[in-house]
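Chemist: My questions all concern the structure below.
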Amino acid sequence: MALMRIACVGAGPGGLFFAILATRIPGVTDVTVYEQAAEGAPRGWGVVFWPDLMDQVEAVDPPFAEALRTFRYTWRDQVVEVDGSEARFTASGFAMGRHLMQKLLVDRAREVGVRIEFDRRIGRLAELEGYDLVVAADGVRSGLREQAPGVRTEVTEGRNRYIWLGTEKQFSSFTFPFVHSPGGWLWAHAYAFGEAGSTFIVETTEETWRALGLDTLGPDETLRLLESVFADQLDGHKLVLQEDARETAPWRRFATVRNSSWTDGPLALVGDAAHTTHFSVGSGTRLALEDAIALARHLEQAPTVAAALAGYGTERAEALEVTAGQARSSAAWFEAVPQYVERPVRDFARLLIERRRLVARRAPGLYLALHRLTTVPVLGALVNHGLAAGRAIAPRVIGPLRRRLSR
Ligand SMILES: Cc1cc2nc3c(=O)[nH]c(=O)nc-3n(C[C@H](O)[C@H](O)[C@H](O)COP(=O)(O)OP(=O)(O)OC[C@H]3O[C@@H](n4cnc5c(N)ncnc54)[C@H](O)[C@@H]3O)c2cc1C
């Protein structure tokens with residue numbers, strides 16, 4: 001394969017992990033990562049990930065898997081709190097600060113010979129002439145994607161508002177506090193990512209956001225107001241904005257990115273540049289790393305770069321369907337919180353935990369009735385069997401159908 005020089009734009013998990021794996025592709029002589037930010041610049045708070053990701057990383061790069069194992073934080077249980085009442089579910093998962101994850105990836109990349117240029121923004125694709133492959137790992141607002149008409153990007157924004165904050169309070173369980181305010185309900189997605197602190201994403205509906213005047217408040221006033229709303233959960237700890245966001249209070253609507261093709265000529269999209277899935281399913285980092293693994297594998301195995309890119313795009317678009325469907329259900333569930341939140345806390349919490357399932361979102365009463373049946377021994381086995389069969393079949397039917405309809 002005539003592949004000698006590779007450029008990756010973006011030193012997030014997608015770009016860096018691909019660069020690490022690319023150094024092993026036969027014939028590759030130069031892998032360079034271009035990152036617009038300075039080395040060590042703040043990258044926001046922590047992200048969660050799951051044991052299946054550890055297995056996938058272990059299979060392709062044991063030293064990075066070992067670094068993740070050494071520094072990851074393990075949170076235990078999921079807790080749903082509604083105005084002081086609580087429901088707890090057994091669960092566990094991992095988390096890590098985005099800054100630390102980038103440092104581990106940068107160290108590993110340098111170890112295997114990747115050249116990394118920080119403080120180097122790539123404005124135009126033409127700047128990368130001379131490379132045999134350009135990997136656009138430049139995130140959700142990818143500028144390279146816009147210069148590749150063949151990928152045909154679609155961006156849709158959710159209705160809710162969210163703000164990504166941190167706090168020194170340690171949420172050792174993944175906690176969803178729902179609090180009623182004079183303007184309506186607000187809630188948080190809170191989890192520790194190390195000894196230093198926790199991610200604390202506050203989310204609310206557009207109506208509540210406006211009713212509380214959050215559309216008009218500056219950063220300090222926003223933080224003080226949210227600290228008073230979540231005073232019981234924060235135990236006196238402060239909420240903190242990301243360092244690069246101190247001038248404004250960056251409330252956002254979640255942007256879901258889709259591309260009808262993930263490649264265009266010698267350009268391949270990886271990670272958030274290719275797709276985003278709502279933050280409430282905690283999958284963006286896993287998907288970015290999986291993209292990197294798949295792209296490197298296709299480049300190692302296919303006879304030409306064009307064949308590798310075609311194989312990569314098809315494989316990953318199909319693999320994304322299940323998570324993308326779950327993310328749509330999850331985002332829609334959070335947009336409908338006011339419909340469910342007055343239910344008894346145990347029922348409400350059960351719906352929250354099961355929000356990725358369509359029946360839990362579209363027909364909560366039916367779902368809860370079915371769920372109660374699962375607690376009766378024989379009926380439970382039958383209901384679970386039916387639900388499992390439905391879950392196994394649904395992605396195989398819905399994914400191809402959706403692709404056919406979108407053509
Ligand atoms: C509120 C919120 C919570 C989240 N929580 C989780 C979670 O719990 N678990 C999880 O797995 N995921 C989570 N995610 C998603 C996750 O952060 C992303 O999916 C992941 O970082 C994507 O990695 P990436 O490498 O594709 O892009 P990024 O990490 O965004 O990296 C892109 C890089 O490209 C650089 N760049 C951009 N343009 C240029 C340019 N022109 N030239 C040079 N460099 C450039 C940027 O500076 C950046 O460093 C969350 C996202 C949000 C918004």
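The values are calculated or read from the model by the stated rules, or taken from the named source; none is laboratory data. On a predicted model such as this, the values are computed, not experimentally measured, just so you know. Backbone-built Cβ (ideal geometry, glycine too); neighbour counts: all protein chains shown.
Chemist: Looking at this structure, is residue 64 at pLDDT 95 or above and surrounded by 13 or more Cβ atoms within 10 Å (Cβ to Cβ)?
Modeler: Judged against the criteria, residue 64 is a match.
Chemist: Any chance you could count how many residues in region 157-194 are surrounded by 22 or more Cβ atoms within 10 Å (Cβ to Cβ) and at pLDDT below 95?
Modeler: 0
Chemist: Related question: Only residues in region 73-85 that are farther than 17 Å from residue 187 by Cβ count as the first member; pair them with residues that are of a type in the set (Phe, Trp, Tyr), Cβ under 7 angstrom, at least 6 apart or cross-chain, and list the lot.
Modeler: Going by the 7 Å Cβ cut-off, the qualifying pairs are 73/94; 73/193; 74/94; 75/174; 75/191; 77/89.
Chemist: I would also like to ask the following. What are the residue pairs meeting all of these: first residue in region 157-173, first residue closer than 13 Å to residue 279 by Cα, second residue of a type in the set (Gly, Ala, Ser) and surrounded by 18 or more Cβ atoms within 10 Å (Cβ to Cβ), Cβ atoms under 6 Å, and 6 or more apart or on different chains?
Modeler: Within 6 Å, the pairs are 158/331.
Chemist: Right, here's the next one. In the same structural domain as residue 27 (by TED's automatic domain parsing), at pLDDT 95 or above, out of contact with any Phe, Trp or Tyr (no Cβ under 9 Å at 6 or more places or on another chain) and not polar (S, T, N, Q): is that true of residue 284 in this structure?
Modeler: Yes.
Chemist: Hey, does region 294-303 have a residue that's under 24 Å from residue 98 (Cβ atoms) and either buried (at least 22 other Cβ atoms within 10 Å of the Cβ) or more than 16 Å from the ligand (Cβ to nearest atom) (or both)?
Modeler: Yes, because at least one residue in region 294-303 is under 24 Å from residue 98 (Cβ atoms) and either buried (at least 22 other Cβ atoms within 10 Å of the Cβ) or more than 16 Å from the ligand (Cβ to nearest atom) (or both).
Chemist: Kindly establish whether residue 19 is assigned to a helix (DSSP H, G or I), in the same structural domain as residue 133 (by TED's automatic domain parsing) and of a type outside the set (Asp, Glu). Give the steps one after another, and end with the answer.
Modeler: Details: assigned to a helix (DSSP H, G or I): yes; in the same structural domain as residue 133 (by TED's automatic domain parsing): yes; of a type outside the set (Asp, Glu): yes.
Taking the combined requirement at face value, the residue satisfies it.
Chemist: Residue 3 - would you say it is in a helix (DSSP H, G or I) and either buried (at least 23 other Cβ atoms within 10 Å of the Cβ) or in contact with a Leu (Cβ under 7 Å, 6 or more places away or on another chain) (or both)? Walk me through it before giving the result.
Modeler: Working: in a helix (DSSP H, G or I): no; either buried (at least 23 other Cβ atoms within 10 Å of the Cβ) or in contact with a Leu (Cβ under 7 Å, 6 or more places away or on another chain) (or both): yes.
Here the answer is no, as residue 3 does not meet what is asked.
Chemist: Taking residue 285 as the residue in question, decide whether it is more than 23 Å from residue 310 (Cβ to Cβ) and either part of a strand (DSSP E or B) or free of Cβ contacts under 8 Å to residues at least 40 places away in the same chain (or both).
Modeler: When the stated conditions are applied, residue 285 does not pass them.
Chemist: Kindly indicate whether residue 61 is over 22 Å from residue 35 (Cα atoms), among the charged types (D, E, K, R), in contact with a His (Cβ under 8 Å, 6 or more places away or on another chain) and touching a residue at least 24 places away in the same chain (Cβ under 8 Å).
Modeler: Here the answer is no, as residue 61 does not meet what is asked.
Chemist: Would you pick out the residues in region 23-51 that are more than 23 Å from the chain's Cα centre (by Cα) and either surrounded by 23 or more Cβ atoms within 10 Å (Cβ to Cβ) or basic (Lys, Arg) (or both)?
Modeler: 24, 31
Chemist: Take region 217-241 and flag every residue that is outside any loop (DSSP other than H, G, I, E, B) and not hydrophobic (A, V, I, L, M, F, W, C).
Modeler: Selection gives 219, 220, 221, 222, 224, 227, 228, 232, 233.
Chemist: Now for a different question. Scan region 326-335 and tell me whether some residue there is closer than 18 Å to residue 287 by Cβ, surrounded by 18 or more Cβ atoms within 10 Å (Cβ to Cβ) and hydroxyl-bearing (Ser, Thr, Tyr).
Modeler: yes
Chemist: Filter region 120-139 down to residues that are without any contact (Cβ under 8 Å) to a residue 40 or more places away in the chain and either more than 14 Å from residue 36 (Cβ to Cβ) or within 6 Å of the ligand (Cβ to nearest atom) (or both), then give me how many there are.
Modeler: Going through region 120-139 one residue at a time, the tally reaches 2.
Chemist: Do we have any residue at all in region 258-281 that's in contact (Cβ under 8 Å) with a residue 24 or more places away in the chain, part of a helix (DSSP H, G or I), hydroxyl-bearing (Ser, Thr, Tyr) and buried (at least 19 other Cβ atoms within 10 Å of the Cβ)?
Modeler: Checked against the condition, which is being in contact (Cβ under 8 Å) with a residue 24 or more places away in the chain, part of a helix (DSSP H, G or I), hydroxyl-bearing (Ser, Thr, Tyr) and buried (at least 19 other Cβ atoms within 10 Å of the Cβ), region 258-281 yields at least one hit.
Chemist: Among the residues of region 99-106, is any surrounded by fewer than 17 Cβ atoms within 10 Å (Cβ to Cβ) and either more than 20 Å from the chain's Cα centre (by Cα) or at positive phi (or both)?
Modeler: no
Chemist: Here is a further query. Has region 203-216 got any residue that is assigned to a strand (DSSP E or B), without any contact (Cβ under 8 Å) to a residue 60 or more places away in the chain and either surrounded by fewer than 21 Cβ atoms within 10 Å (Cβ to Cβ) or in contact with a Lys or Arg (Cβ under 8 Å, 6 or more places away or on another chain) (or both)?
Modeler: Yes, there is a match, as at least one residue in region 203-216 is assigned to a strand (DSSP E or B), without any contact (Cβ under 8 Å) to a residue 60 or more places away in the chain and either surrounded by fewer than 21 Cβ atoms within 10 Å (Cβ to Cβ) or in contact with a Lys or Arg (Cβ under 8 Å, 6 or more places away or on another chain) (or both).
Chemist: OK, next. In region 202-220, is there at least one residue being in contact with a helix residue (DSSP H, G or I) (Cβ under 8 Å, 6 or more places away or on another chain) and within 11 Å of the ligand (Cβ to nearest atom)?
Modeler: Within region 202-220, one or more residues are in contact with a helix residue (DSSP H, G or I) (Cβ under 8 Å, 6 or more places away or on another chain) and within 11 Å of the ligand (Cβ to nearest atom).
The rows are residues; the columns are (1) in contact with a Gly (Cβ under 9 Å, 6 or more places away or on another chain); (2) farther than 18 Å from residue 14 by Cβ.
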position	(1), (2)
26	no, yes
40	no, yes
43	yes, no
46	yes, no
55	no, yes
68	no, no
80	no, yes
83	no, yes
98	yes, no
